[in-house]
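Working notes for the structure below.
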Amino acid sequence: MQKFIGTGVALVTPFKDDLSVDFDALVKLVNYNIENGTDYLVINGTTGESGTISEDEKQEVINVIIKTNNKRLPLILGVGGNNTSLVVEELKTRNFTGLDGILSVAPYYSKPTQEGFYQHFKAIAQATELPIILYNVPGRTSKNMEPATTLRLANNFDNIVAVKEAGNNKQQYYALLKDKPKDFLIISGDDDLALGVTLAGGSGVISVIGQAFPKQFSTMINHGLCGNNKEGYEIHYKMMDIINYIFEENNPAGIKTVLQELEICKENVRLPLVKSSPQLKIKIAKFVKGTK
């Protein structure tokens, strides 16, 4: 699964002022990332506001990204939820032509047991031959998928190839790295921990901030993959403030404010999300201005 090593980015879905999808801005964002070192793209993830875009919009987003990408980078599609049968149905009926794998978030709200997590992802693995990246993000789902469960899935299903771990828990990363199967990828879902995880043996990151600063972030992760501690942390320290800023209120409002400052897309989000506060916008604008 070499195609999923390095810097992936969880793309936002740009919106116009009337909150319709801004496909021109989406094309600009995709090209910006391809031209500046991003290794792969994640479509319709939670950062893409997948919970508030319609099925027709999701399909059009997929179509536009596939066309714009033109086979330049691997593409991963977010396919997940807390209704296992609906996820399985989507996997069996959606056309995945042009896509290289799926990212499937752990069931949210339901708070399943560890056996529930296992059976959910077992059903998903058996429904598709596509490579699957598990996504554990307990801060959003309200329940942690423990390392033992992730590793059980990794050992039992060949098409479960990686986990995007976003528990912001160093010990959990270490447990996964210590006992993972040889070719199973541990991908950081925490921008602030991404370099350290990569230096410890991880396979890189699926990043939010990376789509705004792809050249810097991908260079940092490449240093991590090469074991260049000093060079990697020089970039990490420069990025620390903006990483904190984009998650200070909500995601993806923060990253969309950054992208607006970079003149890539507008900062519009759909309810229940709201735009960044005036105070946060000032901090983000000051940071971005300092990078130009």
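The single condition among (1) touching a Pro at 6+ places or on another chain (Cβ under 9 Å); (2) closer than 22 Å to ASP100 by Cβ; (3) assigned to a loop (DSSP other than H, G, I, E, B); (4) not basic (Lys, Arg) that ALA162 does not satisfy is (3). Mind listing just one residue for me: the one in region 1-36 that is surrounded by fewer than 18 Cβ atoms within 10 Å (Cβ to Cβ) and closer than 30 Å to PRO181 by Cα and, of those, modelled with the lowest pLDDT? Among residues in region 1-36 that are surrounded by fewer than 18 Cβ atoms within 10 Å (Cβ to Cβ) and closer than 30 Å to PRO181 by Cα, the one modelled with the lowest pLDDT is MET1.
Looking at region 246-263, which of its residues are surrounded by fewer than 21 Cβ atoms within 10 Å (Cβ to Cβ), closer than 18 Å to THR291 by Cα and touching a residue at least 40 places away in the same chain (Cβ under 8 Å)? Correct list: LEU262 only.
Look at PRO107 and say whether it is touching a His at 6+ places or on another chain (Cβ under 7 Å) and not charged (D, E, K, R). Considered against the rule, which asks whether it is touching a His at 6+ places or on another chain (Cβ under 7 Å) and not charged (D, E, K, R), PRO107 comes out as yes. Quick one: is LYS266 over 19 Å from PHE4 (Cβ atoms) and without any contact (Cβ under 8 Å) to a residue 60 or more places away in the chain? It is false that LYS266 is over 19 Å from PHE4 (Cβ atoms) and without any contact (Cβ under 8 Å) to a residue 60 or more places away in the chain. Scanning region 254-288 for residues that are β-branched (Val, Ile, Thr) and assigned to a helix (DSSP H, G or I), we see that the one that is nearest to the chain's Cα centre (by Cα) is ILE255. Close contacts from region 232-245, counting a first residue that is within 16 Å of GLY290 (Cα to Cα) and a second that is part of a helix (DSSP H, G or I) and hydroxyl-bearing (Ser, Thr, Tyr), with Cβ to Cβ under 9 Å and a gap of 6+ residues or different chains, come to ILE235/THR219; LYS238/THR291; ILE242/THR291; TYR245/THR257. Among the residues making up region 97-116, those that are more than 14 Å from LYS164 (Cα to Cα) and either small (Gly, Ala, Ser) or touching a strand residue (DSSP E or B) at 6+ places or on another chain (Cβ under 9 Å) (or both) are GLY98, LEU99, ASP100, SER110, GLY116. Scanning region 11-47 for residues that are in contact with a helix residue (DSSP H, G or I) (Cβ under 8 Å, 6 or more places away or on another chain), farther than 18 Å from THR219 by Cα and polar (S, T, N, Q) gives THR13, ASN44, THR46, THR47. Selection within region 196-237: residues that are small (Gly, Ala, Ser), out of contact with any strand residue (DSSP E or B) (no Cβ under 8 Å at 6 or more places or on another chain) and not in a loop (DSSP other than H, G, I, E, B). The member of this set that is farthest from LEU177 (Cα to Cα) is GLY232.
Of all residues in region 176-206 being within 12 Å of the chain's Cα centre (by Cα) and under 24 Å from ASN159 (Cβ atoms), which is surrounded by the fewest Cβ atoms within 10 Å (Cβ to Cβ)? Of everything passing the filter in region 176-206, GLY189 is surrounded by the fewest Cβ atoms within 10 Å (Cβ to Cβ).
Do we have GLU129 as more than 18 Å from the chain's Cα centre (by Cα), acidic (Asp, Glu), in a helix (DSSP H, G or I) and at pLDDT 95 or above here? Spelling it out, it is not the case that GLU129 is more than 18 Å from the chain's Cα centre (by Cα), acidic (Asp, Glu), in a helix (DSSP H, G or I) and at pLDDT 95 or above.
Residues are listed down the side, and each one gets a yes or a no for (1) of a type in the set (Phe, Trp, Tyr); (2) closer than 11 Å to LEU195 by Cβ; (3) at pLDDT 95 or above:
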| residue | (1), (2), (3) |
| --- | --- |
| LYS215 | no, no, yes |
| GLY224 | no, yes, yes |
| GLU234 | no, yes, yes |
| PHE247 | yes, no, yes |
| GLY254 | no, no, yes |
| VAL258 | no, no, yes |
| GLU261 | no, no, yes |
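For the structure I just gave you, tell me whether SER188 is touching a strand residue (DSSP E or B) at 6+ places or on another chain (Cβ under 9 Å), under 13 Å from ILE5 (Cα atoms) and without any contact (Cβ under 8 Å) to a residue 40 or more places away in the chain. Yes; evaluated as a whole, the condition is true for this residue.
The values are calculated or read from the model by the stated rules, or taken from the named source; none is laboratory data. Remember, it's a predicted structure, so these values are computed and weren't measured experimentally. Note: ideal-geometry Cβ built from the backbone for every residue, glycine included; neighbour counts use all protein chains shown.
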